[in-house]
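Report on one structure; see the data block that follows.
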Ligand code: PSV
Ligand code: MN
């Protein structure tokens, strides 16, 4: 532990910061236009956990993996023990459970917002199964994202759909264990291009409130319009005790799933800053699940996850350096330049040397990316999985 108080605070924040990996970030995924296959990409659930375990081994800050039930639990509830086994084998825990009510044909016109009661029921049943899976895996969060919406004006009764969402979410909430939470994610558009049922944080907030006290909002940083002030959304949700978690990624145009901080690292810093400022002011720890939601088509998947996790760690560490007491004084007196400088100074500080010391002290490699490259993992995974991945390309039309 370093001696200087500023470095001690930084060190403590490094001890506390953890970020969850998405299982879907390790498999070959594509764009609407095509898929570039990586020989080393995971081809099944076990390999996704193995890859996630490798990211955690190298970074030390990614102890859990979010799962998508349809993609990772081929037999639904029956697959639970198998998936738990993979998690234990590769030294990670199962994190947020993501139901999937957007992929099956029956969801063409929506899931919980579908005008057909039987389809709403099927979607609800899948969510309830996921809640049960979460109980068995010990996962706290059920993370809900809905593709529901419409593409043409006048084609959907938006008010009815809102009511059906309230009903479905309320019924889901009623089945939570006392420790579980529902996280409600929003997204302005895609795949729906006229109206999306849960299009912004206000809609997600109202629906979460309607669902019950353990429903909170999930902020996916890619799910905002271009000029949206995301950190303001974050501060409002915090002050309402309604911020449950994040899906981190970066964007240039829309939901691009770019590497966190690759376009606007200052924005990520400002988000972390508002959270830490809230904690300082209230004396309460914000109970937030930090998760990554990125699927990379071009970058090597494991390397990119290591890059993302360490970027998040750096930006979080920088945000802990803001002098809150000083900032509060400057804000109160409207000393604009001084207040802004509090942020700029922290952002400009190179925290990497302290992070390297912290890693060494924790028995980690100083440089997680170099450690991964030196391990030969990628070459081995390519050799083992290359054929299967190439075959999957042939079946992709
Ligand atoms: C939708 O764009 C989303 O952000 C949701 O969180 C999904 O679960 C995830 O991406 C993967 O499709
Ligand atoms: Mn997301």
Could you tell me the distance between the Cα centroids of the range 1-47 and the range 203-234, to the nearest Å? 23 Å
Modelled label-to-label distance, residue 362 and residue 225, 7 Å Cα→beta-carbon offset: nm? 3.9 nm
Between the modelled labels at residue 284 and residue 190 (7 Å from Cα along Cα→Cβ) the distance in nm is 3.4 nm
Give me the distance in nm between label points sitting 7 Å out from Cα along the Cα-to-Cβ direction at residue 31 and residue 350, one decimal. 3.5 nm
The extension gain from residue 136 to residue 334, computed as 0.36 nm times the residue separation minus the Cα-Cα distance, is 66.1 nm
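To the nearest 0.05, what FRET efficiency results for residue 383 and residue 88 with a Förster distance of 22 Å applied to their C-beta separation?
0.30
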Can you give me the Cα centroid spacing of the range 319-397 and the range 171-200 in angstrom? 29 Å
Let's test the formula: R0 of 35 Å, r as the Cβ-Cβ distance of residue 263 and residue 105. What FRET efficiency results, to the nearest 0.05? 0.50
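With n ≥ 4 as the cut-off for DSSP H runs, can you work out [θ] at 222 nm for the chain, using -39500 (n - 2.57) per run divided by the number of residues, rounded to the nearest 500?
-15500 deg cm²/dmol
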Based on the Cβ-Cβ distance from residue 157 to residue 3, what FRET efficiency comes out when R0 is 56 Å, to the nearest 0.05? 0.30
Average Cα contact separation per residue, the chain, under 8 Å, 6 or more apart, as relative contact order %: 19 percent
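I want the antiparallel fraction of DSSP beta bridges within the chain, as a percent rounded to 5.
DSSP beta bridges in the chain are roughly 10 percent antiparallel.
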Most mobile of 53, 110, 363 in a GNM of the chain (Cα contacts under 10 Å): 363
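Taken together, the values in this text are just the output of simple stated rules run on the coordinates, not laboratory data. Being a predicted model, the structure only gives us computed values, none of them experimental. Every residue, glycine as well, gets a Cβ built from its backbone with ideal geometry; the counts of neighbours run over all protein chains shown.
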